[in-house]
Amino acid sequence: MPSRDQACLACDGRGLLMDDEEWHYTCKICNGDGFMPQGTNVANRQPADVDDTNRILD
C-alpha cells in the first residue's frame, strides 16, 4: 500500500473500488495501482464501459 500522501484518493490506495451492491472493480483513476496520478487531470478521463445495469466492465 502506498504512503498516505501518494495514495489515490478515489480508492484510498487499494486499487479497487466497490459499488453499492458490493461488486469490486479496478479503480479507473489510478488504473488499479493505488498511487495518485502525477501530472494528469483526472477530470479528462474517459467514461467507464458499463453494462445495462450500469456496472463497470473491467
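Listing for the model above:
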| item | result |
| --- | --- |
| Label-to-label distance, nm, for residues given as residue 9 and residue 23 (7 Å Cα→Cβ offset) | 2.7 |
| Inter-label distance, nm, simple model (7 Å from Cα along the C-beta direction), residue 56/residue 33 | 1.7 |
| By average C-beta atoms within 10 angstrom, highest first, the peptides 27-35, 49-57 | 27-35, 49-57 |
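A short reminder: the numbers here are calculations on the coordinates, not readings from a lab. It should be emphasised that the depicted structure is a prediction, and the values quoted were computed from it without experimental measurement. With ideal geometry, Cβ positions are generated from the backbone for all residues, glycine too; neighbour counts draw on all protein chains shown.
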